[in-house]
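The structure appears below as structure tokens.
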Amino acid sequence: MQMDLLQQAIAGLTTGSIYALVALGFSLIFQTTSLLSFAHPQFMMLGGLFGYTVLARWQLPFEAALIGAALFCGMLSVVVEFLVLRPMRARRADENSLAVATIGLGIILMSAGMLLWGPYSLPYPQASAPVSWRLGSLAIDQKSVAVWISAVAAVAALQFFLRHTCLGIAMRAAAADPTTASIVGVPVRAIAAFSFGLSGALAGLAGVLIASLYYASFEMGAAGLKSLCAAVIGGFGNLPGAVVGGLLLGLFEAYATVHLSAQFTDTLIYGLLIVFLLVRPQGLLGTAQRKI
Amino acid sequence: MRRPRFFVSIVAAITAVAAVLQLQVAKAQTGDEPIKIGWLGALSGVLAPYGLENKRGVEFAVEAINKAGGINGRKLDVIYVDSKFDSGFAVQSIQRFALQDKVVAVLGDISSALTVAEVPVTARFGIPQLASLAGTPKITAMGSKFIFRPYPAVTLTYGAIAGYAVDKLKLKRFATIAYNDEGGLASIQAFTDTATKLPGVQVVASEVVPVDTKEFKGLLTKLRGSNPDALVVAAAAPVSGLIVRQVREIGWDVQLLGHGGYHAVQEFRDVAGPAADSMVLATTYAPGYYKHPEAQKFATDWQAAHGQPPRDLEAHGYDQVNMLAWAIKQGSPDRTAIRDKLAGLKDWPGAAGVYTFLENGDVKKDVVIQSWKDGKLLPIEVYGVK
């Protein structure tokens, strides 16, 4: 029984790390550009599909898929920022219009994914049978561990970058007060493009990791909604909060599935979200009065 | 002065159209005109692979019948329409089949949802409809006297796998995991109904999962805790591939049971990988495994014509046309006469088994038990459905 609970925790941590990786992107974009980008999960999806091309078509190693997908999604993200969001900002569109535009963008990206890769589920080539570490009846598969480590490593690296590097501090300054930042010489528009590129690269990485666990497909961006929940529960815009929210939501989902009802888990998750928004709208690690 | 001339030309045009129509009507009334059949299915979109597969089988049968001189001297003419996953369009197409094309029967649809929309319409026009793939139990539960489903519903295969697992594999304790959709729930219901009627058999645990779940290890651990002899999986690929893979990833060595429509497809095997090996499936077709001459002849002819063995929906498409031809030959190419003959179809030997229609229009026919081995499907035996 104890072993079963541990096995369920492992499943929860894996789902949670996935939520965390995507939630991190949502929060990064929000922290650096004050935008809630609904298109973000679709960059993750394109990353997963691009990784499939690298691994299955070009037969390159897994590292190449990670780097390739990060570059591909990062650049695509910059292009999208340049073609859609920047002209909208120049026409004084407010955050709400931009957020709505990203819903449309997400749908376009999803259709593009379906057109380019087809409506199929594309599992990554498996060199061998899945490798698991065994501990009595407990099994821990290596790919899941890789995803856990990636989620924690990604938040640590991003946190370091935003707090301790010149560029990172400039990004935060540009987000907090674009006018003042530009007066002191921060190239605000270039920074916004860079933030978008960075979140795109992160989405690309996440896509490859997630697809390596399951499979790549044009509809894998659907996981994005729960990641957004995770980001809100952790504290929207707060990077460690995104990871904490993701892991907690993953564990909650795993235990709710097993001990409450698998059929109504989603109802419980979104119920939890509403409870959080009512009781603690700033999220677990968020500060109470954030300017939006 | 222009108006009268314009008016005259309109009248002339209408008269011309009317004359052409009259001619066509006159032509249709002569005896050696082709017998028209409407085909509805997916030729584009996600379901297109299934639609095209079924269409190939239909075309193959029509070609053979027409080559042999048709039915009582009249050739078959099938009008193929892509239903485009749009129930409004599908319903309109049936209206056009009924009123304009004057078809004697409709073949289709592929999608369950579209077929559910179509059944009341074919019933209203009194056109016999032979569904091609649509698996939901609803289709034959709507009370239409004109719907027939030669392709076995999931309930038939899941009932069969229950019988086989108890009879032949001597299993007693089952756990089930199903998709929270119509097919998944109906499958498990059928399995449970059949299995629990047998002496000493128990379904010890059942789980239903939302369709977008991808991580099952926790839930599978719980199912393992109930210590079943076999796990019944009722979910479509690719997700069922993940379930099966994760069963092995948590090191659970349990007999897996499933059904051809979900698990005999390459997409399932691609995702499940070697974990699919030894999973036992009740399938609706395997070339060469039905021993009666009609099935053997079809498999040989198809192999000769296409250079590869026939697939499930190709065989069923071929049978759809041939049972229709049989019904016409027995009586006349009249909608009601065809319906009456089809309703009495019993022990009819086709390419994909021996068919008998039940009162609601569902089929009763034997399944082929198959198993995955080293990436290939291995037929085991034909198993009789009680």
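The values are calculated or read from the model by the stated rules, or taken from the named source; none is laboratory data. Quantities reported herein were computed from a predicted structural model and do not represent experimental measurements. Because the Cβ atoms are built from the backbone with ideal geometry, glycine has one as well, and the counts that use them run over all protein chains shown. Protein only, heavy atoms only, side chains kept; ligands, DNA and RNA dropped before computing areas. Shrake-Rupley method; radii C 1.70, N 1.55, O 1.52, S 1.80 Å.
Here's the picture: charge each Lys and Arg Cβ at +1 and each Asp and Glu Cβ at -1 in region A:144-292, and of A:Ala146, A:Leu249, A:Ala173 the one pushed furthest to the positive end of that dipole is A:Ala173.
Between the residues B:Gly184, B:Leu198, B:Phe125, the greatest Cα displacement towards the positive end of the dipole of region B:66-225, with unit charges on the Cβ of Lys, Arg, Asp and Glu, is found for B:Leu198.
If I compute solvent accessible area with a 1.4 Å probe over the protein chains, what percent of it on chain B is carbon and sulfur? The nonpolar share, carbon plus sulfur, comes to 56 percent. Helix B:312-330 axis versus longest C-alpha principal axis of chain B: approximately 50°, rounded to the nearest ten. Accessible-area rank, largest first, for B:Asp374, B:Asp366, B:Asp319, B:Asp253: B:Asp253, B:Asp374, B:Asp366, B:Asp319, with all protein chains present and a 1.4 angstrom probe.
Ignoring any ligand, DNA or RNA, what whole percent of the accessible area of region A:66-120 comes from carbon and sulfur when the probe is 1.4 angstrom? After summing per-atom areas, the C and S share lands at 75 percent. Using the alpha-carbon centroid of each, what span in Å lies between region A:136-195 and region B:49-110? Spelled out, the Cα-based centre of one part sits 58 Å from the other. Overall form of region B:184-309: prolate. Here a/c, set by the Cα gyration tensor axes a ≥ b ≥ c, is 1.5 or more, and a/b is the larger of a/b and b/c. Projecting the Cα atoms of B:Ser371, B:His263, B:Ala42 onto the charge dipole of chain B, computed from C-beta unit charges around the Cα centre, puts B:Ala42 farthest toward the positive end. What separates the Cα centres of region B:349-386 and region B:121-189 is a distance of 13 Å.
DSSP loop (so not H, G, I, E, B), at most 10 other Cβ within 10 Å: list which trypsin sites (Lys or Arg not before Pro) in region B:167-252 pass both filters.
Answer in residue order: B:Lys170.
Helices meeting the span-like rule in chain A (full DSSP H runs, Cα extent of at least 30 Å along the helix axis, mean Kyte-Doolittle score of 1.0 or higher): A:95-117, A:142-164, A:188-213.
Under 5 Å from the amide H of B:Val354 lie the amide H atoms of B:Asp366, each residue being 5 or more positions distant or on a separate chain, with H modelled from the backbone and absent for Pro and chain starts.
Couplings 3J(HN,Hα) of region B:335-341, computed from phi: 3, 5, 4, 4, 4, 4, 5 Hz, in residue order, whole Hz [Karplus 6.51 cos²θ - 1.76 cosθ + 1.60, θ = phi - 60°; x for Gly and Pro]. DSSP assigns beta bridges within the protein assembly as shown; of those with both partners inside it, close to 40 percent run antiparallel. Residues whose amide H comes within less than 5 Å of that of B:Ala105, counting only those at least five positions distant or on another chain, are B:Gly38 (H built at 1.01 Å from N in the peptide plane). Rounded to the nearest 500, the helix-only mean residue ellipticity at 222 nm of chain A stands at -23000 deg cm²/dmol, with each DSSP H run of n ≥ 4 adding -39,500 (n - 2.57). Approximating the spin labels as points 7 Å out from Cα along Cα→Cβ, the B:Lys291-to-A:Thr179 distance works out to 9.0 nm. Legend: residues in region A:243-272 shielded by at least 20 square angstrom of accessible surface upon adding the remaining protein chains to the isolated chain (1.4 Å probe, heavy atoms) are A:Thr257, A:Val258, A:Ala262, A:Gln263, A:Asp266.
Rounded if a/c is under 1.5, else prolate if a/b beats b/c, else oblate: with a ≥ b ≥ c from the C-alpha gyration tensor eigenvalues square-rooted, which is the protein assembly as shown? It comes out oblate by the Cα gyration axes.
Over 32 Å apart at the Cα level, from the set B:Lys145/B:Lys168; B:Lys291/B:Lys329; B:Lys168/B:Lys376, are B:Lys145/B:Lys168. Computed about the Cα centre, the dipole magnitude for the protein assembly as shown is approximately 1060 debye when only Lys and Arg (+1) and Asp and Glu (-1) carry charge, each at its Cβ.
Straight-line cross-link partners of A:Lys226 among the lysines, defined as a Cα under 30 Å from its Cα and at least 8 positions apart when in the same chain: A:Lys143, A:Lys291, B:Lys214, B:Lys217, B:Lys222. The charge dipole of region A:79-210, taken about its Cα centre with unit charges on the Cβ atoms of Lys, Arg (+1), Asp and Glu (-1) only, comes to about 140 debye. Amide H contacts for B:Leu169 (H built 1.01 Å from N in the peptide plane; partners 5 or more residues away or on another chain; cut-off under 5 Å): none found. Report summary: the helix-based calculation at 222 nm, which adds -39500 (n - 2.57) for every DSSP H run with n ≥ 4 and divides by the residues of chain B, gives -14500 deg cm²/dmol.
Could you list, in their original order, any pairs among B:Lys138/B:Lys297; B:Lys138/B:Lys197; B:Lys84/B:Lys341 whose Cα atoms are separated by more than 27 Å? Those over the limit are B:Lys138/B:Lys297; B:Lys84/B:Lys341. Averaged over peptide B:217-227, the number of partner chain Cβ atoms lying within 10 Å of each residue's Cβ comes to 6.
To the nearest 20 Debye, how big is the dipole of chain A about its Cα centre, given +1 on the beta carbon of each Lys and Arg and -1 on that of each Asp and Glu? List each step's numbers first, then the result.
Numbers: 14 positive and 10 negative charges, 130 e Å.
Result for chain A is approximately 620 debye, rounded to the nearest 20.
Please state the shape class of region B:229-386: rounded when a/c is under 1.5, otherwise prolate if a/b exceeds b/c and oblate if not, all from the C-alpha gyration tensor. The shape class here is prolate.
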